[in-house]
Amino acid sequence: MPRTRVEDLEVVWDVAGPVAGEPVLLINGLGAVRGSWYLQVPALAERYRVYTYDNRDVGETGSGAMAGDYGIDRFAHDAAMLIETLPIGPVHVIGASMGGAIAQELVLAWPELIRSVQIVCSWPRTDPWLGALIADWNDMFAAMGAQAWARNSWLWVFTHRWFRDAGLMAGLEAGAASYPYSQTPTMFGRQCRAAIAFDAQDRLGGITTPTHVIAGAEDLLTPPRYSEAIAAAIPGSTLTIVPEAGHGMFWETPGAFNAALMRFLDANCARMP
């Protein structure tokens, strides 16, 4: 896998799809690594040049040299510098959950680098309810470790339909247990505190980049009310509510989710391979 120096980080990334395809950058959420997009990359890479990477404080990118806390704007800065360093801009950005918060800060600060943005199962401002949930996750991670936290998070990520298939659950358990680049409590805590402090609500009206907001109709972690607030604040944005889908629609309903992504990408594509 390629590594690119971005200031204090060695960012680890992957690429797939035709060289002539327009670039798409996928941004992960809290605790998630670039491999989480495994059901999206093949579909998008049929026509697009698809880039995935590990955020600061997760996966193979790791912590870098910055020792203290940071905000969501730091993640956005990392993404912008990666786009400029490769260089691949302007890109189509797809950000999920905390990655959607990163996408909001990215398009607000570096609109010239972004051709379109899709904000998935995210939120515009961390309200007291979501802040309390993330803080509880941080405490659980520190007390019980990554595996126990992951098992708890799946109750929030998937709908009841997912839990009916024992094979799916066994696969999740095996994947989490075997991943060799586990996040430490310190790394997870920094990501959590960045997410808790996030607030872009009053700035979203300044976004002029084509924007698509996507939510799962049954999302418990970031309910559709958050996506509705994002879409209402961004002029000209499009809102899609995926039925019978929760926070983890990328894995649970990939057909409907990928189709929604592709419709928007194709409508905002300047060139096709």
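Any read-out appearing in this document is the output of simple, stated calculations on the displayed coordinates, not a laboratory observation. Since the model is a prediction, treat every value here as computed from it, not as a measurement. Note that we place each Cβ from the backbone using ideal geometry, even for glycine, and neighbour counts take in every protein chain shown.
Assorted remarks:
- Relative contact order %, the stretch 128-273, counting alpha carbon pairs below 8 Å whose residues are six or more apart: 24 percent
- Listed values for the stretch 113-120 are Karplus-derived 3J(HN,Hα) couplings in whole Hz (6.51 cos²θ - 1.76 cosθ + 1.60, θ = phi - 60°), namely 8, 10, 8, 7, 9, 10, 9, 10, and x replaces Gly and Pro.
- Chymotrypsin sites (Phe, Trp or Tyr not before Pro) within the stretch 159-243, DSSP loop, no more than 16 other Cβ atoms inside 10 Å: Y181
- Long-range HN-HN contacts of V242 with modeled amide H, under 5 Å: A215, G216, A217
- Span from the the stretch 114-131 Cα centroid across to the the stretch 227-253 one, whole angstrom: 10 Å
- In the stretch 1-98, the chymotrypsin sites (Phe, Trp or Tyr not before Pro) that fall in loop regions by DSSP, at most 12 other Cβ within 10 Å: Y38
- Remark: the chain carries a charge dipole of roughly 360 debye about the Cα centre, counting +1 on each Lys and Arg Cβ and -1 on each Asp and Glu Cβ.
- Centroid-to-centroid separation of the stretch 28-102 and the stretch 1-22 [C-alpha atoms, Å]: 10 Å
- In this entry, the stretch 122-273 is assigned a mean projected area of 10.9 nm², taken as a quarter of its C-alpha convex hull surface.
- Antiparallel bridges, percent of DSSP beta bridges restricted to the chain (to nearest 5): 30 percent
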